[in-house]
Amino acid sequence: MNFILTSVIALGAIALISSVVLYFISKKFAVKEDPRIGKVSALLPGANCGGCGFAGCSGMACALVAGADKGSIEGFRCPVGGDDVMLKIADTLGMAAASSEPFVAVVRCNGTCDNRPRIAEYDGLHTCAAINSTSAGETGCGYGCLGCGDCVSACQFDAIHMNPDTGLPEVDEDKCTSCGACVKVCPRHIIELRKKGPKGHRVYVQCANKDKGAVAKKACSVACIGCGKCEKVCQFDAITIENNLSYIDFNKCHMCIKCVDECPTGAIVKINFPIKKKVEVEA
């Protein structure tokens, strides 16, 4: 009986001493969090999408506070919250936040069922990642959309859906937060974030095929053939041809749409431009 009592007392004493030691250690080595981090975190949407370039909203909050300590939070942007959230954060940190032009995801492939005929049948795991790792897909284009909707699954904001008629993903620009999740998950890298543009106007090459002209055209009727006509007609040095593929720099593009009219295959598209009314000439 005395042995049991002694053991209980000894263990109790050890536990008490250990708790006291741990208490003083926790106080000695405690890491104090800046209260501003909590305030900034509360203002962020909590989506943890990674579109800001950080692992999550808490990571961005820490970076914003660190930036404020250095005197600037320029370059930081929450794609989900947008300028409204950034202005609130700037006010909380006593900083000035420059408004940034919004971006939107675009699908650089127009290889619809009509434009890009099927030449094979894939029978396996129905994901873009799986198909891309095993073959070129069901068409002759090894660069275009695989149509399985990995981008749809990656989007947390219901901003991208597969069109059953075309077999291609379509982005709802009103819902898109430019978080970049669809960009990261696409194994063919055909989804890109581009400036939304004034009044939503955008001009870009809706093709990612780097094959030579004849090969690309055989695989898809609206493929870029790298002819260079768009590059020659552009007065603003916004278009370059590399690896048989045309690309438009949205920072240089003035959206004169001359390249759209010049493209022989229709690979360059204009988005949200008003439709020109045909003028009827009286006989």
Where N209 falls short, out of the listed (1) touching a Cys at 6+ places or on another chain (Cβ under 9 Å); (2) surrounded by fewer than 22 Cβ atoms within 10 Å (Cβ to Cβ); (3) of a type in the set (S, T, N, Q): (2)
Single match in P198, P169, P187, P264 (criterion: surrounded by fewer than 16 Cβ atoms within 10 Å (Cβ to Cβ) and touching a helix residue (DSSP H, G or I) at 6+ places or on another chain (Cβ under 6 Å)): P187
Residues of the stretch 81-96 that turn out to be part of a loop (DSSP other than H, G, I, E, B) and surrounded by fewer than 20 Cβ atoms within 10 Å (Cβ to Cβ), as a count: 3
Subset of the stretch 115-141 (residues that are touching a residue at least 40 places away in the same chain (Cβ under 8 Å), part of a loop (DSSP other than H, G, I, E, B) and either out of contact with any Ser or Thr (no Cβ under 6 Å at 6 or more places or on another chain) or not assigned by TED's automatic domain parsing to the domain that holds T166 (or both)): G140, C141
Inter-residue pairs, beta-carbon under 7 Å, first under 13 Å from T240 (Cα atoms) and in the stretch 250-265, second outside any loop (DSSP other than H, G, I, E, B) and of a type outside the set (V, I, T), 6+ apart: F250/R194; F250/K195; C259/C230
Any chance C220 is over 30 Å from S133 (Cβ atoms) and surrounded by 21 or more Cβ atoms within 10 Å (Cβ to Cβ): no
Filtered residues of the stretch 170-207 (kept if part of a loop (DSSP other than H, G, I, E, B), under 10 Å from V107 (Cα atoms) and touching a strand residue (DSSP E or B) at 6+ places or on another chain (Cβ under 8 Å)): I190, Q206, C207
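The values are calculated or read from the model by the stated rules, or taken from the named source; none is laboratory data. Worth saying up front: this structure is predicted, and the values here are computed from it rather than measured. Cβ atoms come from the backbone with ideal geometry, glycine included; neighbour counts cover every protein chain shown.
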